[in-house]
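One structure is given here, and the rest of the page talks about it.
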Amino acid sequence: MRRSIIYLIMLILIVAFAATGCAAILEDERLTESPHVANPVVRPPDEQIEVSNFYELKDAIVEMIKAHETSGRLVAIIYDNEDVQADLDLAIHQIITTHPLGVYAVSDIAGHATKIVTFTEITVTIEYMRTLQQLDSIINVTAASELKDELLEIMSEYRDEAVFRTSLQMTVEDLVGYIVEIYYQNPRKIAMRPVVGVEVFPETGDDRIFEVRFAFGFPPTILQSLIDSVSSSVQINIEEAVGETDAELLLSLANNLIAVADFDEVSARTLSEHGTQNNVATAFGALINRRAVGEGFAMAFKALSDELGIESRVILGFLDGRYHAWNLLLIEGHYYHIDVAMGVVIGIENTFMKTDMSFIDMQYVWDFDNTPRAIGPLTYQDVAGIQEAEHEYDYPDYSDEPNEPTGQNRPNRSGTAPQRPEVNQPQESDDAENEPEEPDAPEEPEEPEEPEEPDDPEEPDDPEEPSEPEEPDEPGDPEDPEAQDEPEL
């Protein structure tokens, strides 16, 4: 009983103490202690790219440009240079001044490096002057042959722009030369020679971007229709050609082309360059419109010879000081000049299967050094099966002063200059030698002293004697041009 009373009293005291103790705890300030735990290392988010040196930093920004990103974050946890901002500024400068993608596509880059406890955060913002589509369209080429293949496809599709990135050490002139070469090699794939503009990013260096712009003068659909017409005409002409040998087939094709097409003398006088964007300078002009200048005939004849599988080149040069073009063909192991356009004017017998020396004599000028020698033994007469006869040349009358080639259009005469004067020099030297001989001609009339014989008394009544003294007048008259020319003959 007593124990029960004691337990009850203790229980009451415990309850009372608990009630008053909780209130005191809530009302009073208490100081608690807990064991120290070190804060974890702050690390950057996983999606940020980590860089550890200048080259990795620069490459990371370039990759952002390739993806056309306008902003991005990089981190440097362990970096080999304490001044990350200095490396960042240098990388940006090099990218926008020397890297091809930076020079070509970027207008501005801004970057800032911020130190955050255990790492450096790098923020980059980029402004572009090219679209992502333009960046994606860049064609990487490593060899000249690869570049030419790409150019042929682009020109055949009449695209207005192409961008190449390459380490080839070529100039703008080299690239334009490739384009010109491709055009004149493919008259059945490219209807018209384009006007070309080229920009380089950067201008110097081992890695550059070439942006090429083409202007064809006509919409692609029209140009493609011209090519289709040329291909059809080539097939028809090949079917109509007759002959047993390549030379005979070519002569037949030349004669057929001369029979249906006229040489446009008016346009030939006004041409200011090769490759003019006019149908008269295309294969379409000669084969379909049936009126062309030398370049148009040359392109048409190349298309025909290509169909026969005969190697043919279009030679860009000058005739009598005027822009002109003709063909150089490989026949039976030898090269020959063939000018179908002038065949219309002076007869194909005078311009078919000609050698270098023959064309030089006829006032043709071309890039002699970079052209195969035409020294084959065959002649027009051999191919036509007729006896050789001499012909006089009657070229179109160009009344104005001839256009002298200028700039890149001036023919390369190094190598040819010594040869061409050798052909013409005898004529100049003969004239020079004849000029001093003319005054000597009147000395010959001294022979007529013989007419003084009439003083002989034995023949005073001869009626013919008075006329004999007049003989000195014929050779001795210095004003008579015919008398002076006789010694030259």
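Distance from a point 7 Å along Cα→Cβ of Glu146 to each backbone N in region 78-105: keep the residues under 20 Å and list them by number. Output list for this probe position: 100-102. Provide the net charge surrounding Asp136, with neighbours chosen by a C-beta distance below 13 Å and charges set as Lys +1, Arg +1, Asp -1, Glu -1. Counting the neighbours of Asp136, the net charge comes to +3. Near Ile139, the amide H atoms lying under 5 Å from its own belong to Val163, Phe164, Arg165; only residues 5 or more places off or on other chains count, and H is placed 1.01 Å from N.
In whole angstrom, note down how far apart the Cα centers of region 234-277 and region 300-338 are. Rounded to whole Å, the Cα centres lie 11 Å apart. The P(r) of region 330-389 has a tail past 15 Å containing 50 percent of all C-alpha pairs.
Between Arg159 and Ala259, the simple spin-label model (points 7 angstrom out along Cα→Cβ) gives 4.4 nm.
All Cα-Cα separations within region 128-181 were binned at 10 Å from zero, giving a P(r) of 21, 55, 24, 1, each value a whole percent of the pairs.
Against the empirical curve 2.2 N^0.38 Å, the C-alpha radius of gyration of region 53-173 lands at a ratio of 1.30. Heavy-atom accessible surface of Glu332, to the nearest 10 Å², is about 130 Å², with a 1.4 Å probe and all protein chains retained. Charge tally for Val212 (other residues, Cβ to Cβ under 9 Å; Lys, Arg +1; Asp, Glu -1): -2.
Residues of region 141-159 falling in the label zone of Thr131, defined by backbone nitrogen less than 18 Å from a point 7 Å along Cα to beta-carbon, are 159. Rounded to whole numbers, the Karplus 3J(HN,Hα) couplings from phi for region 169-181 are 8, 10, 9, 4, 4, 4, 5, 4, x, 4, 5, 4, 4 Hz, using 6.51 cos²θ - 1.76 cosθ + 1.60 with θ = phi - 60°, and x at Gly and Pro.
With the simple spin-label model, which puts each label point 7 Å out from Cα in the Cβ direction, the Thr114 to Ser71 separation comes to 1.1 nm. Across the cross-link table entries Lys58/Lys115; Lys66/Lys189; Lys148/Lys302, which are compared at the Cα atoms, the separations over 27 Å belong to Lys66/Lys189.
Can you give the FRET efficiency for Val266 and Ser225, using 1/(1 + (r/R0)^6), R0 = 22 Å, r = Cβ-Cβ distance, to the nearest 0.05? After rounding to 0.05, the efficiency reads 0.25.
Relative intensity of region 261-379 on a log10 scale, I(q)/I(0) at q = 0.15 Å⁻¹, equals -0.60, per a Debye sum over C-alpha point scatterers of equal strength in the absence of solvent.
For region 208-219, backbone phi angles converted through the Karplus equation (6.51, -1.76, 1.60; θ = phi - 60°) give residue-by-residue couplings of 9, 10, 10, 9, 10, 10, 10, 10, 9, x, 9, x Hz, Gly and Pro being listed as x. Cβ-Cβ distance of Glu244 and Asp320, R₀ of 25 Å, FRET efficiency by 1/(1 + (r/R0)^6): the value works out to about 0.10.
The values are calculated or read from the model by the stated rules, or taken from the named source; none is laboratory data. Bear in mind that the values here come from a model prediction, so they are computed numbers and not experimental data. Cβ atoms come from the backbone with ideal geometry, glycine included; neighbour counts cover every protein chain shown. Heads up: the accessible areas ignore ligands, DNA and RNA and are worked out on the full protein's heavy atoms, side chains in. Shrake-Rupley method; radii C 1.70, N 1.55, O 1.52, S 1.80 Å.
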